[in-house]
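Shown next, in structure tokens, is the structure this report addresses.
The values are calculated or read from the model by the stated rules, or taken from the named source; none is laboratory data. Since this is a predicted model, take the numbers as computed values, not measurements. Here the Cβ is made from the backbone with ideal geometry for all residues, glycine too, and neighbour counts use every protein chain on show. Surface areas here come from the heavy atoms of the whole protein model, side chains and all, with no ligands, DNA or RNA. Shrake-Rupley method; radii C 1.70, N 1.55, O 1.52, S 1.80 Å.
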Amino acid sequence: MRKLTYFIACSIDGFIGDPGGDGSMMIPFVDEEFFEFLKTEYPETLPTHGRRALGLDDLANQKYDTVVQGRASYDLALQVDVTSPYAHLREYVASRTLKESPDPNVEIVADDLVGKVRELKAEDGDFGIYLCGGSQIAGELIDEIDELVIKTYPIVLGTGMPMFGSGFAISEFTLGEVRTFKNGAVVRTYSRKH
């Protein structure tokens, strides 16, 4: 059984972006040390167009071979004319409004997202599934998430888009590795408690 990992950046108070979902205020924390960590341990989470611009297109996947993201997250790529933001992975975009994919590498999941994710998790393979976001899709898939990798940056937003856009329910996770960085960022890994 493959794992679904929600790999997400957030503020100290648990927001992944401002009320509209913009998380650009977190970008300055991706300094040299933090970027080296991402490049070494989670290279597949770096968008393809960014990898190409930095000459890192040949980095091998370490943990994931598939990405699932919501329409709002995908729209960020479309706004800069990128139709396949994770071309080095199999890409699925959950959307009830996008009728057809603008890219042959991107499959639109219009309904039964949970069923599709269960199907992906049941596949054989050494790599897991990267849940890219955002809030609504994470809320919809909360019961399918096996692991959380939370990159917390040393800022407080006060309000904004929560990590999970879902109703109240308690899901327990067990803390695993904790990494701290000189810039104040902390990366925590949690596994679902069974």
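Values computed for the structure shown
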quantity	calculated
Options LYS116, LYS121, LYS99; residue that is basic (Lys, Arg) and modelled with pLDDT under 95	LYS99
Flag if LEU89 is open to solvent by less than 60 Å² (accessible area, probe 1.4 Å) and over 17 Å from the mean Cα position of the chain (by Cα)	no
Identity of the residue in the stretch 1-28, buried (at least 21 other Cβ atoms within 10 Å of the Cβ) and of a type in the set (S, T, N, Q), that ends up farthest from the chain's Cα centre (by Cα)	SER11
Output for the stretch 78-95, where each listed residue is free of Cβ contacts under 8 Å to residues at least 40 places away in the same chain and in contact with a Lys or Arg (Cβ under 8 Å, 6 or more places away or on another chain)	TYR92, VAL93, SER95
Qualifying positions in the stretch 36-77 - open to solvent by less than 50 Å² (accessible area, probe 1.4 Å), without any contact (Cβ under 8 Å) to a residue 40 or more places away in the chain and assigned to a helix (DSSP H, G or I)	LEU38, PRO43, GLY50, ARG51, TYR74, ASP75, ALA77
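Residues are listed down the side, and each one gets a yes or a no for (1) touching a strand residue (DSSP E or B) at 6+ places or on another chain (Cβ under 8 Å); (2) modelled with pLDDT of 90 or more; (3) farther than 25 Å from ARG179 by Cα:
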site: LYS39; (1), (2), (3): no, yes, no
site: ASN61; (1), (2), (3): no, yes, no
site: ASP65; (1), (2), (3): yes, yes, no
site: SER73; (1), (2), (3): yes, no, yes
site: VAL82; (1), (2), (3): no, yes, yes
site: LEU89; (1), (2), (3): yes, yes, yes
